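The values are calculated or read from the model by the stated rules, or taken from the named source; none is laboratory data. Because the structure is a prediction, the values reported are computed rather than measured. Cβ atoms come from the backbone with ideal geometry, glycine included; neighbour counts cover every protein chain shown. Accessible surface is based on the protein model in full, side chains and every heavy atom, while ligands, DNA and RNA are left aside. Shrake-Rupley method; radii C 1.70, N 1.55, O 1.52, S 1.80 Å.
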Amino acid sequence: MLFTIIFFIPINNLIIENKKQNYRQQKKAHEEELLGDTLKPFYEDKGTLDERRIQNLRENFAKGYATNGGKFYYGSANYDKPICHKFKHSFVTDDQMYIILSCQNPDNSILSYALATQKGNSSFVNPWNGGRLDHYEDYLVSEYPYINLLDDNDYTIIYKDPVDGTRYGKYYDQLYVLPMLDKNENELKSHISDRIIEFQKQHTHQFPNDKVIKLAYYLLGSNQCQSVDDVSLFGDDNLIMKCNQKSFTVNYEKLYQSVPVPSLMIPLEVLGDNHDQQDCLICACSKTGQVQLEEASDFDASALKERIAEQCQNDNQWPYNKCVGIYYESLLKTDFGNYLRASIVHVKEGTKVAQCIVEVSEKKFTEIQTGLKTNGNLRKAN
């Protein structure tokens, strides 16, 4: 009996060990099947020491995103669940500064994630030192929204995906997916009024390379407009475009500045006089995403602070209605609509300001115009 028990123990251990080994082999086979081309080095032969570092980093990145979140710390929201719904493939950009992962969503749309192979201070990211993704600089790569505004010398292509032809480029040192245009400009041109063409001719110096026309192409190509009917300058930084029954504005100066996010074409809400919602400027600005308060220490809000100081003391929650003032800055009257530029100022701690443009009804325009000073110095507070 004793012999039987002694003999059974090593056999049982062997079975357990075989199960563990089979599990490890199955897991490895699954990873190899899932990660596919990621496990094949991007370099020829043995590669340099730095190329091997990047390849190891690439494998860590793909495993952490496509298989499970094991490369994240315990307690992380991403721990133990894949970020990619369906992993397609990964690659290293031509300059070896980024690793890109391509992931497919349930609706078949594609998302790209990037991992910098060097940190912001140019120090190498070492996958053998800790190796968890928490230490890496990774982020979602967004599409550049105005691809038809760019000329070939505006950006640098750092990789073209041989699988689907997707291009990745750097524009003002930001990494973007650069989609191919899917609509012919000649086809779009028939939906642009002669007034747009004439405006472009008159403002060639201000908008080189047909930028105004290309903005119109963008609105048509992205299906935000069926036709682009008119255009006007508003101040020294904004452009207003009229599409069918909808107006859009863009800060055109930011189209050419080195900013993390390009200035967006914003569909404007109408500030009217029919009901409370239409008569709420902050509602309209919030709905269009223009209430982005930024520090503005040089903005003179002393009169506002004095007027609301007592009420503001007890105002602790957003939208800080008692700590906010609205300044009507300037009005624009055109043949196709009336427009108001306003500053939304928050003074709870320091001074924060957001610029907002809305379309206004004729009655509202007259009402605001009555007390508005537009010499650039005096503001009409609402």
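Using the per-residue mean of other Cβ atoms lying within 10 Å as a proxy for protection, in what order, highest first, do the peptides 220-227, 341-348 fall?
By packing density, highest mean first, the sequence is 341-348, 220-227.
How large is ³J(HN,Hα), in whole Hz, for each residue of region 359-370 in order, when computed from phi with the Karplus curve 6.51 cos²θ - 1.76 cosθ + 1.60 and θ = phi - 60°, using x for Gly and Pro?
3J(HN,Hα) across region 359-370, in whole Hz: 8, 10, 5, 4, 5, 5, 4, 5, 4, 6, 4, 4.
Could you order the peptides 242-251, 280-289 from most to least packed, using the average number of other C-beta atoms within 10 Å per residue?
242-251, 280-289
Could you pull out every residue, at least 5 positions away or on a different chain, whose amide H is within less than 5 Å of the one on K88? Hs are placed 1.01 Å off N in the peptide plane, and Pro or chain starts have none.
S102, C103, Q104
Output wanted: per-residue J couplings in Hz (rounded whole) for region 207-217, from phi through Karplus 6.51 cos²θ - 1.76 cosθ + 1.60, θ = phi - 60°, x for Gly and Pro.
With coefficients 6.51, -1.76 and 1.60, one gets 10, x, 6, 6, 4, 5, 4, 5, 5, 5, 4 Hz.
Can you put D94, D237, D229 in order of accessible area, largest first, using a 1.4 Å probe?
Highest to lowest solvent-accessible surface, that is D94, D229, D237.
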